[in-house]
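In what follows, a structure is listed as structure tokens, so that the remarks can point back to it.
Nothing in this text is a laboratory measurement; each read-out follows from the coordinates by a stated rule. Since the structure is predicted, the reported quantities are computational estimates derived from the model, not experimental observations. For neighbour counting, all protein chains shown are included, and Cβ atoms are generated from backbone atoms with ideal geometry for every residue, glycine included.
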Amino acid sequence: MITSPQVALHDKMAVQFKDDILRRIVETKAKGLVFDISAIDIVDSFLVRQIGEIATAANIMGAQVVVVGLRPEVAMTLVEMGFSLKGVHTARDLEKGLEVLRKAGKR
Amino acid sequence: MEKGKGGQSEMVPTPIVEAWEGIIMVPVVGILDSARAKQITESILEHIARVKTDIVIISIGGISAVDTKTANHLIRTIHAAKLMGTEAIITGIRPDVAMTLVSLGVELSGIMTFSTMHEGLEYAFKKLGWKVEKSK
Amino acid sequence: MAQESIEVIEVRNEADIVNARVRAKAMAEALGFSYMDQTRIATAVSELSRNAFQFAGGGKVTIMPVDGEGRKGIEIVVEDQGSGIKNLDLALKGGYSTAGGLGLGLSGSKKLMDEFNIHTEVGKGTVVTIRKWL
């Protein structure tokens, strides 16, 4: 299962998005979720928390989450603020992301 | 170009050298001040966003001076690259220098560091599945 | 040539948080900040305005260019009339994280900016001033 927020995720949308995704995971019994954030230019602690919550819930439902497409500025800001995307794999792009999911699924 | 006191470090931007499929090298020489560190960060991250890169070899053997703040900035760049799916390693860092950095509070854990470019290349090739053989 | 002027944004809802960071980013760009710095500035503004919204019911964000010792920069003031921060030290250390972000936002913003000043009074409110220089 693949998801790709093509527009910048504005806050209320992010929560709505999270609920939608979790429901879709249950419905499709998805084993993996690729979260493409290449269209997002600012990631603050709120968004990091939403992503973390998606990952935690997805893991409980047996699905792995990988975030791909972090922009340079987003990656650097996250590191500088000291946020860790714990429980969330990251990868360069969709192709690598699927590879990561495959390896994670084998464990 | 930013105005600065150090003549050498502002003159030539540190290049990104495409060394092999998926491997780039960044040869850092001279004084690593914060302006240069910023430039290196932006070059590396912009490059790996544009070009599929598996490994960045940051060669720091030629650095004459660096302060802990700048060293930490470089470390954060390495972590940012990791989030973007690229492993950045450091070469030209002798064990005693590594220990000094650690004692100064520079967080090297989780980052591969090597004394020589040779070791760094060896690691990179091995990780990416390349084998170097001498032809008879 | 257009002059960058002072911008004031009232933060009353989630959309205002987004607007505040978009405006901050735009002014940073107009002032000549690198894309990296624009993102740092916008992210810090997002954190601080969200704190004001979440913990004080709203606030005011003022964005302006500044001059200091021959260099130019950007200054943002985020003020609210909430109940103030009881344990500022803890909040700045990244504590209060269980409360959902106050500490994370404050300590995170501090790391992203060149200057960070906070004045808080229990029962009165909080004023955070941040600056970044070119």
The protein assembly as shown - charge dipole about Cα centre, Lys and Arg +1 at Cβ, Asp and Glu -1, debye rounded to 20: 1180
Candidate aspartates and glutamates for bridging to C:LYS60, where Cα separation is under 12 Å - those fewer than 8 sequence places away on the same chain excluded: C:GLU7, C:GLU10, C:ASP16, C:GLU79, C:ASP80
Whether the protein assembly as shown is rounded, prolate or oblate, judged on the alpha carbon gyration tensor where a/c under 1.5 counts as rounded: oblate
Tilt relative to chain C, helix C:102-112 - C-alpha long axis, 0 to 90 degrees, to 10: 30
Point-charge dipole on Cβ atoms (K/R +1, D/E -1) for chain A, about Cα centre, debye to 20: 620
Among B:VAL66, B:VAL12, B:VAL29, residue whose mean-square fluctuation peaks in a GNM of chain B (springs only between Cα atoms under 10 Å): B:VAL12
19 Å Cα-Cα reach of A:LYS29 towards lysines, excluding residues that sit fewer than 8 places from it in its own chain: A:LYS18, A:LYS103, A:LYS106
Cross-link pairs C:LYS86/C:LYS124; B:LYS38/C:LYS111; B:LYS52/B:LYS134; C:LYS86/C:LYS110; B:LYS38/C:LYS132 - those with Cα-Cα distance over 20 Å: B:LYS52/B:LYS134
Region C:23-78 shape via C-alpha gyration tensor axes, a/c threshold 1.5: prolate
Inter-centroid distance (Cα atoms) of region C:1-45 relative to region A:26-102, Å: 26
Among C:80-91, B:102-113, the order from most to least packed when residues are scored by Cβ within 10 Å on average: C:80-91, B:102-113
Nearest-ten-degree value, helix A:11-28 long axis tilted from longest Cα axis of chain A: 10
Translational diffusion coefficient (Stokes-Einstein; Kirkwood radius from C-alpha pairs) of chain B at 4 °C, 1.567 mPa s, in µm²/s: 84
Among B:MET99, B:SER64, B:MET112 - extreme Cα towards positive end, dipole of chain B, charges at beta-carbon: B:MET112
Among A:VAL43, A:ALA30, A:HIS89 the positive-end extreme of the charge dipole of region A:2-106 (Cβ point charges): A:ALA30
Using alpha-carbon coordinates, inclination of helix A:94-106 to the longest axis of chain A, degrees: 50
Dipole magnitude of region C:15-72, debye to nearest 20 (Cβ charges: Lys/Arg +1, Asp/Glu -1, about Cα centre): 100
Span from the region B:33-68 Cα centroid across to the region B:77-121 one, whole angstrom: 12
Histogram of C-alpha separations across region A:2-106, 5 Å bin width, %: 2, 13, 25, 27, 21, 9, 2, 0
Convex hull of Cα atoms in region C:7-133, direction-averaged projection (nm²): 7.1
